[in-house]
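Input: a single structure, listed below in structure tokens.
The values are calculated or read from the model by the stated rules, or taken from the named source; none is laboratory data. The structure displayed is predicted, hence computed values, not measured ones. No Cβ is skipped: glycine too gets one built from the backbone with ideal geometry, and neighbour counts run over all protein chains shown.
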Amino acid sequence: MSDVLDSKPTTAENPVNPYLRLDRMPSIWCPGCGIGTTVNCFTRALTECGLDLDKVSIVSGIGCTGRVAGYLNLDSFHTTHGRAIPFATGLKLANPENKVVVYSGDGDLTAIGGNHFIHAARRNVDIVVVCVNNHTYGMTGGQVTPTTPGPAVASTTPYGAFEYPFNLPYLADSCGAVYVARWTTYHVRQIGKAMREALGKRGFSFIEIISPCPTLYARRNRLGDGLDAMKYYKEKSVVKSDADTREVGIDFQGDIICGRFVDRERETWIEGYNRQHSAKLGERFTPYPTGFAEA
């Protein structure tokens, strides 16, 4: 027993630490929020992908999830509300060798940023989009978002949401995304795998992560805390990879269909540009670099 008491304490560094701006910790996220869990998954995906981190850029918009870019020790861009995807598109076209990741919330990406989401998927811009969907505007007061399921209560719908919510995997799929997956913050290993797969794709990849907001969404709807959300995700998640995305919409406290729904190949924007202009201009045409994904 004395040998145990006299021994020096074991010191071990969290493997996530090198990927974080530790001088900015602790984060602003509330206890029970799932955003930090997704960041942990993302950093572990980076370690397993073997990417050159000097060629990985992360872009986010405004909101709780928008703060992710500021906490990651990568080339990061905290952009204006709803404009993360056009910023990321410009970054990718200016430097095709970069692997560009957009990381933001459901309000930022699909409300004010919805038009950019649609057209980036249609064009098959070579970026990864991670949407942390907590069904609310967590930073600005808990307003209803395009993904809030009815009849959930929000600050702007005190009698319950009544508008039909977006089915984000179906939206991404129908617009042409080459990779579409959905998981909850309970599924940490699956999130990490999905992120690795998306980082390895060429084209518009989309991952939706259902996450709790215990401070606003859960409190207003009397759903308990973050632990209660994990229990709900465990009990109500149905893994159905390759499911028809038309059938994976989310109802209030109903089943959550999870899995990898889309994994296909399609010509990227840069590839289409090169094909079109090489046919028109022939020897006078200088191809756009195809970039990091083909290295």
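Annotations for the structure displayed:
- Counted residues, region 1-40 - those being in a helix (DSSP H, G or I) and at pLDDT below 85: 5
- Selection within region 101-124: residues that are under 30 Å from D52 (Cα atoms) and among the aliphatic types (A, V, I, L, M). The member of this set that is surrounded by the fewest Cβ atoms within 10 Å (Cβ to Cβ) is I118.
- Which listed residue, of Y233, Y217, is touching a His at 6+ places or on another chain (Cβ under 7 Å), farther than 20 Å from V129 by Cβ, modelled with pLDDT of 95 or more and surrounded by 15 or more Cβ atoms within 10 Å (Cβ to Cβ): Y217
- Across region 206-228, the number of residues qualifying as touching a Ser or Thr at 6+ places or on another chain (Cβ under 8 Å) and either free of Cβ contacts under 8 Å to residues at least 12 places away in the same chain or among the small types (G, A, S) (or both) comes to 1.
A quick yes/no check of all residues on (1) part of a loop (DSSP other than H, G, I, E, B); (2) over 30 Å from A154 (Cα atoms); (3) touching a residue at least 24 places away in the same chain (Cβ under 8 Å):
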position: D251; (1), (2), (3): yes, no, yes
position: R266; (1), (2), (3): yes, yes, yes
position: N274; (1), (2), (3): no, yes, no
position: E283; (1), (2), (3): no, yes, no
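- For region 149-184, residues that are touching a helix residue (DSSP H, G or I) at 6+ places or on another chain (Cβ under 8 Å) and β-branched (V, I, T) total 3.
- Some residue of region 89-100 being of a type in the set (G, A, S), buried (at least 19 other Cβ atoms within 10 Å of the Cβ) and out of contact with any Pro (no Cβ under 7 Å at 6 or more places or on another chain): no
- Considering region 244-295, the residues that are in contact with a strand residue (DSSP E or B) (Cβ under 7 Å, 6 or more places away or on another chain) and over 16 Å from G176 (Cα atoms) include one that is modelled with the lowest pLDDT, namely F292.
- Yes/no for S174 being among the hydroxyl-bearing types (S, T, Y), within 30 Å of N98 (Cα to Cα) and out of contact with any Ser or Thr (no Cβ under 6 Å at 6 or more places or on another chain): yes
- Given (1) aliphatic (A, V, I, L, M); (2) under 14 Å from the mean Cα position of the chain (by Cα); (3) surrounded by fewer than 24 Cβ atoms within 10 Å (Cβ to Cβ), index of the condition I127 fails: (3)
- For the condition surrounded by fewer than 17 Cβ atoms within 10 Å (Cβ to Cβ) and at pLDDT 95 or above, Y159 qualifies.
- Filtered residues of region 41-69 (kept if in a loop (DSSP other than H, G, I, E, B) and either farther than 25 Å from G82 by Cβ or out of contact with any helix residue (DSSP H, G or I) (no Cβ under 8 Å at 6 or more places or on another chain) (or both)): G50, L51, D52
- Of the helices (runs of 4 or more DSSP H) contained entirely in region 164-248, those carrying at least 3 residues that are farther than 25 Å from V153 by Cβ fall at 168-175, 188-199.
- Criterion violated by T184 - all others in (1) closer than 22 Å to T38 by Cα; (2) over 17 Å from the mean Cα position of the chain (by Cα) satisfied: (2)
- If the condition is being surrounded by 12 or more Cβ atoms within 10 Å (Cβ to Cβ) and not β-branched (V, I, T), then region 23-34 contributes R24, S27, W29, C30, G32, C33, G34.
Okay, residues lined up against (1) free of Cβ contacts under 8 Å to residues at least 40 places away in the same chain; (2) in a loop (DSSP other than H, G, I, E, B):
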| residue | (1), (2) |
| --- | --- |
| F77 | yes, no |
| T80 | yes, yes |
| K92 | no, no |
| V125 | no, yes |
| V129 | no, no |
| G150 | no, yes |
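- When Y159, Y164 are checked against the criterion of being out of contact with any Gly (no Cβ under 9 Å at 6 or more places or on another chain), more than 25 Å from N98 (Cβ to Cβ) and without any contact (Cβ under 8 Å) to a residue 40 or more places away in the chain, a single residue qualifies: Y159.
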